[in-house]
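Participant: The structure under discussion is supplied below as C-alpha coordinates; questions concerning it will follow.
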Amino acid sequence: KMGKLLISHRSTIYPCYIPVLGEFNRSWSYKTYPLQKYCFLHSKKHLTDFSLILVKFPIFALYPIPKMNIMETKNSLYISALKAGLIIGAVSIAMFLIMYVADIKPVGIMMPILILLIGIAISIVILVVLFKKFRTSIGGFISFGDSFLYCFIAFAVSVIVSQLFSYLFVMFIEPDYYKHIMDAQKAWMETYLAGKMPEEKIAEQLDKLDVQTAKMGTFSALLKNLVGSLIVSGIIALIVGAIMKKKPEMFDNNAGGVI
(Lines give C-alpha, C1' and ligand atoms only; values in the text may rest on other atoms or scores of the structure.)
Protein backbone atom coordinates (compact mmCIF):
# COMPACT_ATOMS: atom_id res chain seq x y z
CA LYS A 1 0.00 0.00 0.00
CA MET A 2 1.37 3.37 -1.05
CA GLY A 3 1.67 5.93 1.66
CA LYS A 4 3.72 8.87 2.91
CA LEU A 5 7.34 8.41 3.84
CA LEU A 6 7.70 9.49 7.45
CA ILE A 7 10.58 9.60 9.90
CA SER A 8 10.59 8.91 13.60
CA HIS A 9 13.53 11.05 14.68
CA ARG A 10 15.00 14.50 14.06
CA SER A 11 17.86 13.45 11.77
CA THR A 12 18.08 11.11 8.84
CA ILE A 13 20.72 9.92 6.43
CA TYR A 14 18.53 10.27 3.32
CA PRO A 15 16.00 12.96 2.46
CA CYS A 16 12.41 11.86 3.05
CA TYR A 17 10.04 13.03 0.34
CA ILE A 18 6.32 13.48 0.98
CA PRO A 19 4.43 13.59 -2.35
CA VAL A 20 1.37 15.28 -0.81
CA LEU A 21 3.44 18.19 0.45
CA GLY A 22 5.72 18.27 -2.57
CA GLU A 23 8.78 18.91 -0.39
CA PHE A 24 11.37 17.14 1.68
CA ASN A 25 10.19 17.04 5.27
CA ARG A 26 12.36 16.95 8.40
CA SER A 27 15.46 16.16 6.41
CA TRP A 28 18.76 17.93 6.15
CA SER A 29 17.82 19.29 2.73
CA TYR A 30 14.47 20.68 3.86
CA LYS A 31 15.85 22.49 6.88
CA THR A 32 19.29 23.49 5.67
CA TYR A 33 18.54 24.28 2.04
CA PRO A 34 15.02 25.75 1.82
CA LEU A 35 14.15 26.92 -1.68
CA GLN A 36 13.50 30.47 -0.55
CA LYS A 37 17.10 30.63 0.66
CA TYR A 38 18.31 30.40 -2.92
CA CYS A 39 15.89 32.91 -4.41
CA PHE A 40 18.57 35.57 -4.44
CA LEU A 41 20.66 33.42 -6.76
CA HIS A 42 18.06 33.63 -9.51
CA SER A 43 18.05 37.40 -9.96
CA LYS A 44 20.74 39.03 -12.07
CA LYS A 45 20.57 41.88 -9.64
CA HIS A 46 21.94 39.63 -6.90
CA LEU A 47 24.45 37.66 -8.96
CA THR A 48 27.93 39.12 -8.62
CA ASP A 49 30.44 36.34 -8.34
CA PHE A 50 28.34 33.34 -9.42
CA SER A 51 28.38 32.09 -13.00
CA LEU A 52 26.88 28.66 -12.33
CA ILE A 53 25.81 26.85 -9.17
CA LEU A 54 25.17 23.11 -9.24
CA VAL A 55 24.51 21.26 -6.02
CA LYS A 56 24.45 17.50 -6.38
CA PHE A 57 22.20 15.44 -4.15
CA PRO A 58 21.30 11.74 -4.36
CA ILE A 59 17.75 12.49 -5.51
CA PHE A 60 17.49 16.13 -6.56
CA ALA A 61 19.49 19.14 -7.71
CA LEU A 62 18.83 22.86 -7.64
CA TYR A 63 17.24 24.29 -10.78
CA PRO A 64 19.66 26.00 -13.25
CA ILE A 65 20.82 29.56 -12.70
CA PRO A 66 21.38 32.16 -15.47
CA LYS A 67 24.87 33.50 -16.09
CA MET A 68 25.76 36.97 -14.94
CA ASN A 69 27.16 39.63 -17.21
CA ILE A 70 30.35 40.32 -15.26
CA MET A 71 31.43 43.07 -17.62
CA GLU A 72 28.19 44.94 -16.94
CA THR A 73 28.87 44.77 -13.20
CA LYS A 74 32.43 46.07 -13.68
CA ASN A 75 31.20 48.96 -15.81
CA SER A 76 28.65 49.91 -13.17
CA LEU A 77 31.42 49.79 -10.54
CA TYR A 78 33.63 52.15 -12.55
CA ILE A 79 30.77 54.56 -13.22
CA SER A 80 29.61 54.58 -9.59
CA ALA A 81 33.17 55.03 -8.27
CA LEU A 82 33.75 57.86 -10.73
CA LYS A 83 30.59 59.63 -9.57
CA ALA A 84 31.59 59.13 -5.94
CA GLY A 85 35.01 60.64 -6.66
CA LEU A 86 33.47 63.67 -8.35
CA ILE A 87 31.13 64.20 -5.39
CA ILE A 88 33.97 63.93 -2.85
CA GLY A 89 36.10 66.25 -4.98
CA ALA A 90 33.28 68.80 -5.16
CA VAL A 91 32.90 68.69 -1.37
CA SER A 92 36.66 69.18 -0.95
CA ILE A 93 36.54 72.21 -3.23
CA ALA A 94 33.60 73.61 -1.26
CA MET A 95 35.56 73.20 1.99
CA PHE A 96 38.57 74.94 0.41
CA LEU A 97 36.45 77.91 -0.69
CA ILE A 98 34.76 78.16 2.71
CA MET A 99 38.14 78.29 4.43
CA TYR A 100 39.35 80.89 1.93
CA VAL A 101 36.32 83.16 2.39
CA ALA A 102 36.38 82.73 6.19
CA ASP A 103 40.16 83.43 6.19
CA ILE A 104 40.92 80.15 7.97
CA LYS A 105 44.60 79.36 7.40
CA PRO A 106 46.39 76.09 8.23
CA VAL A 107 48.86 77.83 10.52
CA GLY A 108 50.66 76.41 13.52
CA ILE A 109 51.08 72.78 14.52
CA MET A 110 47.60 71.50 15.34
CA MET A 111 45.52 73.50 12.85
CA PRO A 112 46.94 71.85 9.69
CA ILE A 113 46.55 68.39 11.26
CA LEU A 114 42.99 69.15 12.38
CA ILE A 115 41.98 70.43 8.93
CA LEU A 116 43.54 67.36 7.29
CA LEU A 117 41.75 64.92 9.63
CA ILE A 118 38.40 66.66 9.16
CA GLY A 119 38.81 66.51 5.38
CA ILE A 120 39.70 62.81 5.44
CA ALA A 121 36.82 62.00 7.79
CA ILE A 122 34.26 63.79 5.61
CA SER A 123 35.61 62.06 2.50
CA ILE A 124 35.39 58.62 4.13
CA VAL A 125 31.83 59.23 5.36
CA ILE A 126 30.67 60.26 1.89
CA LEU A 127 32.48 57.31 0.33
CA VAL A 128 30.93 54.80 2.74
CA VAL A 129 27.42 56.12 2.11
CA LEU A 130 27.80 55.96 -1.67
CA PHE A 131 29.60 52.61 -1.51
CA LYS A 132 26.82 51.00 0.54
CA LYS A 133 24.27 52.29 -1.96
CA PHE A 134 26.23 50.72 -4.82
CA ARG A 135 26.73 47.44 -2.94
CA THR A 136 23.00 47.22 -2.31
CA SER A 137 22.28 47.82 -6.00
CA ILE A 138 24.35 44.77 -7.00
CA GLY A 139 22.79 42.44 -4.46
CA GLY A 140 24.47 43.37 -1.18
CA PHE A 141 27.71 41.46 -1.76
CA ILE A 142 31.12 42.53 -3.08
CA SER A 143 34.60 41.02 -3.02
CA PHE A 144 37.61 42.67 -1.40
CA GLY A 145 39.22 43.31 -4.80
CA ASP A 146 36.18 45.14 -6.14
CA SER A 147 35.70 46.94 -2.84
CA PHE A 148 39.29 48.21 -2.87
CA LEU A 149 39.02 49.15 -6.55
CA TYR A 150 35.86 51.18 -5.92
CA CYS A 151 37.38 53.05 -2.98
CA PHE A 152 40.69 53.73 -4.73
CA ILE A 153 39.05 55.04 -7.90
CA ALA A 154 36.78 57.32 -5.86
CA PHE A 155 39.66 58.70 -3.78
CA ALA A 156 41.96 59.07 -6.81
CA VAL A 157 39.35 61.02 -8.77
CA SER A 158 38.61 63.27 -5.80
CA VAL A 159 42.32 63.95 -5.28
CA ILE A 160 42.88 64.81 -8.94
CA VAL A 161 39.85 67.10 -9.02
CA SER A 162 40.71 68.97 -5.81
CA GLN A 163 44.43 69.28 -6.59
CA LEU A 164 43.74 70.52 -10.11
CA PHE A 165 41.29 73.10 -8.78
CA SER A 166 43.83 74.32 -6.21
CA TYR A 167 46.46 74.68 -8.93
CA LEU A 168 44.14 76.66 -11.21
CA PHE A 169 42.95 78.75 -8.27
CA VAL A 170 46.50 79.79 -7.42
CA MET A 171 47.48 80.32 -11.05
CA PHE A 172 44.55 82.47 -12.16
CA ILE A 173 42.50 83.65 -9.15
CA GLU A 174 44.79 84.18 -6.15
CA PRO A 175 48.49 83.97 -7.09
CA ASP A 176 49.56 85.10 -3.60
CA TYR A 177 47.47 82.47 -1.79
CA TYR A 178 50.42 80.42 -0.53
CA LYS A 179 52.44 83.55 0.21
CA HIS A 180 49.70 84.77 2.58
CA ILE A 181 49.66 81.39 4.33
CA MET A 182 53.44 81.34 4.74
CA ASP A 183 53.46 84.92 6.03
CA ALA A 184 50.96 83.89 8.69
CA GLN A 185 53.07 80.81 9.46
CA LYS A 186 56.21 82.95 9.82
CA ALA A 187 54.44 85.31 12.21
CA TRP A 188 53.29 82.34 14.29
CA MET A 189 56.79 80.83 14.35
CA GLU A 190 58.39 84.07 15.47
CA THR A 191 55.98 84.26 18.39
CA TYR A 192 56.20 80.55 19.22
CA LEU A 193 59.99 80.29 19.04
CA ALA A 194 60.75 83.59 20.77
CA GLY A 195 62.85 82.85 23.86
CA LYS A 196 63.09 79.15 22.96
CA MET A 197 65.65 79.45 20.20
CA PRO A 198 68.41 81.94 19.33
CA GLU A 199 67.46 84.62 16.85
CA GLU A 200 69.94 83.25 14.30
CA LYS A 201 68.18 79.88 14.33
CA ILE A 202 64.78 81.54 14.06
CA ALA A 203 65.96 83.57 11.06
CA GLU A 204 67.27 80.35 9.48
CA GLN A 205 63.90 78.66 9.89
CA LEU A 206 62.11 81.65 8.39
CA ASP A 207 64.44 81.58 5.39
CA LYS A 208 63.53 77.94 4.82
CA LEU A 209 59.86 78.93 4.75
CA ASP A 210 60.63 81.52 2.07
CA VAL A 211 62.26 78.81 -0.05
CA GLN A 212 59.23 76.54 0.39
CA THR A 213 56.91 79.39 -0.55
CA ALA A 214 58.75 79.93 -3.84
CA LYS A 215 58.26 76.25 -4.75
CA MET A 216 54.57 76.08 -3.84
CA GLY A 217 52.04 76.55 -6.60
CA THR A 218 54.35 75.22 -9.34
CA PHE A 219 53.48 72.32 -11.63
CA SER A 220 56.23 70.14 -10.13
CA ALA A 221 54.79 70.76 -6.67
CA LEU A 222 51.38 69.75 -8.03
CA LEU A 223 52.79 66.44 -9.30
CA LYS A 224 54.49 65.73 -5.96
CA ASN A 225 51.28 66.47 -4.08
CA LEU A 226 49.34 64.20 -6.45
CA VAL A 227 51.74 61.28 -5.97
CA GLY A 228 51.73 61.65 -2.19
CA SER A 229 47.95 62.00 -2.06
CA LEU A 230 47.45 58.92 -4.27
CA ILE A 231 49.68 56.84 -1.99
CA VAL A 232 47.69 57.93 1.05
CA SER A 233 44.46 57.28 -0.87
CA GLY A 234 45.60 53.76 -1.65
CA ILE A 235 46.28 53.05 2.03
CA ILE A 236 42.88 54.41 3.08
CA ALA A 237 41.20 52.47 0.24
CA LEU A 238 42.77 49.24 1.51
CA ILE A 239 41.38 49.83 5.00
CA VAL A 240 37.91 50.95 3.90
CA GLY A 241 37.72 48.20 1.27
CA ALA A 242 38.59 45.52 3.80
CA ILE A 243 35.87 46.80 6.14
CA MET A 244 33.17 47.24 3.49
CA LYS A 245 33.64 43.95 1.61
CA LYS A 246 30.82 41.46 2.07
CA LYS A 247 30.63 37.89 0.85
CA PRO A 248 27.40 35.87 0.65
CA GLU A 249 26.88 33.37 3.45
CA MET A 250 25.51 30.18 1.98
CA PHE A 251 24.51 28.79 5.36
CA ASP A 252 22.42 31.32 7.24
CA ASN A 253 20.89 30.43 10.61
CA ASN A 254 17.93 32.67 9.85
CA ALA A 255 16.95 30.51 6.91
CA GLY A 256 17.26 27.14 8.58
CA GLY A 257 19.83 24.87 10.12
CA VAL A 258 20.97 21.32 10.20
CA ILE A 259 18.71 19.24 12.39
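The values are calculated or read from the model by the stated rules, or taken from the named source; none is laboratory data. Every value quoted in this text rests on a predicted model; they were computed, and no experiment measured them. Heads up, the Cβs are rebuilt from the backbone with ideal geometry, glycines too, and the neighbour counts pull from every protein chain shown. The area values use the complete protein model at the heavy-atom level, side chains included, leaving out ligands, DNA and RNA. Shrake-Rupley method; radii C 1.70, N 1.55, O 1.52, S 1.80 Å.
Participant: Against the definition (on the phi < 0 side of the Ramachandran plot and at pLDDT 85 or above), how does Lys208 come out, yes or no?
Facilitator: Values: on the phi < 0 side of the Ramachandran plot: yes; at pLDDT 85 or above: yes.
Here the answer is yes, as Lys208 does meet what is asked.
Participant: Hey, another quick one. Give me the residue from region 146-166 that is within 17 Å of Ala94 (Cβ to Cβ) and hydroxyl-bearing (Ser, Thr, Tyr) and, out of that set, surrounded by the fewest Cβ atoms within 10 Å (Cβ to Cβ).
Facilitator: If we take residues in region 146-166 being within 17 Å of Ala94 (Cβ to Cβ) and hydroxyl-bearing (Ser, Thr, Tyr), then Ser166 is surrounded by the fewest Cβ atoms within 10 Å (Cβ to Cβ).
Participant: Could I ask something else about it? Return the residue satisfying two criteria in turn: it lies in region 113-145 and is more than 30 Å from Pro248 (Cβ to Cβ) and in contact with a helix residue (DSSP H, G or I) (Cβ under 9 Å, 6 or more places away or on another chain), and of such residues it is most open to solvent (accessible area, probe 1.4 Å).
Facilitator: If we filter region 113-145 for residues that are more than 30 Å from Pro248 (Cβ to Cβ), which is where we start, we get 113-122.
Restricting the remaining residues to those that are in contact with a helix residue (DSSP H, G or I) (Cβ under 9 Å, 6 or more places away or on another chain) gives 115, 118-120, 122.
Numbers: Ile115: 39, Ile118: 78, Gly119: 19, Ile120: 54, Ile122: 61 Å².
Per the criteria, the residue is Ile118.
Participant: Check Ile202, Ile181, Ile173, Ile231 and return the single one that is farther than 30 Å from Ser76 by Cα and exposed (fewer than 11 other Cβ atoms within 10 Å of the Cβ).
Facilitator: The match here is Ile173.
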